Amino acid sequence: MPFTPFHLGPALVIGIILIYYLDFPTLLVASVILDIEPFFVLIFNLNYPLHGFFHTFLGGTIVIIPLSLIMYKVSPILNPIKAFFKIEQKFSFVRVLAASIIGIYTHLLLDAPLYSDMQPFFPLKFNPLLNTSDLVSNIIYNFCGYCFLAAIVLYFMYLVMKYKKKNKEKKL
């Protein structure tokens, strides 16, 4: 899924379900950041696989630490955006790191069945998760799309629960 929003659907669902445990902005960024690689390959017409080194578990793991450090540092800048969406979270490096890990590995697991140029277990030169069936592709793309819709429902449920909790506290 080169630089598509499809990865955001599952990330949004995971992020809302685990909103009290994972840093939400980090999860969203981690779920799409690996697609910088195919973007550069296409833009600069590189003689390199679209889903190269950073679309491996080794390459993805290398991205996790710098991504976590950067997201930890820029988090205060993102607070107004989180406040606008009524997302209140306790903040810690562990939550940022966990969100980075989940976002990166979810991205890799969603892409691995789809792309023959991926070698997710590099240095092994094969992709045991590859399934070129149109059915599998359709299932993954539909799953990502439906996750986006489910995330909208879950987000509104989150807002309602938060509103009810706030009103309950006012009555006490």
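Results, tabulated for the structure shown:
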| quantity | calculated |
| --- | --- |
| From Ile17, Ile33, residue being among the aliphatic types (A, V, I, L, M), touching a helix residue (DSSP H, G or I) at 6+ places or on another chain (Cβ under 8 Å) and either surrounded by fewer than 18 Cβ atoms within 10 Å (Cβ to Cβ) or more than 13 Å from Ser100 (Cα to Cα) (or both) | Ile17 |
| Residue identified as touching a helix residue (DSSP H, G or I) at 6+ places or on another chain (Cβ under 8 Å), in a helix (DSSP H, G or I) and modelled with pLDDT of 95 or more among Val74, Val63 | Val63 |
| Subset tally (residues that are among the β-branched types (Val, Ile, Thr), outside any helix (DSSP H, G or I) and farther than 26 Å from Ile81 by Cα) for the range 1-56 | 1 |
| Residue pairs meeting the criteria (Cβ under 7 Å; at least 6 apart or on separate chains; first on the phi < 0 side of the Ramachandran plot and aromatic (Phe, Trp, Tyr), in the range 143-172; second in a helix (DSSP H, G or I) and surrounded by 15 or more Cβ atoms within 10 Å (Cβ to Cβ)) | Phe148/Leu8; Phe148/Gly9; Phe148/Leu12; Tyr155/Ile16; Tyr158/Ile16 |
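Yes/no matrix, rows are residues, columns are (1) surrounded by 18 or more Cβ atoms within 10 Å (Cβ to Cβ); (2) closer than 16 Å to Phe24 by Cα; (3) touching a Leu at 6+ places or on another chain (Cβ under 7 Å):
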residue: Leu78; (1), (2), (3): no, yes, no
residue: Ala83; (1), (2), (3): no, yes, no
residue: Asp111; (1), (2), (3): yes, no, no
residue: Asn127; (1), (2), (3): yes, no, no
residue: Leu130; (1), (2), (3): no, no, no
residue: Asn138; (1), (2), (3): no, no, no
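The values are calculated or read from the model by the stated rules, or taken from the named source; none is laboratory data. All values derive from a computational prediction rather than experimental measurement. Cβ coordinates were reconstructed from backbone atoms using ideal geometry, including for glycine residues, and neighbour counts include every protein chain displayed.
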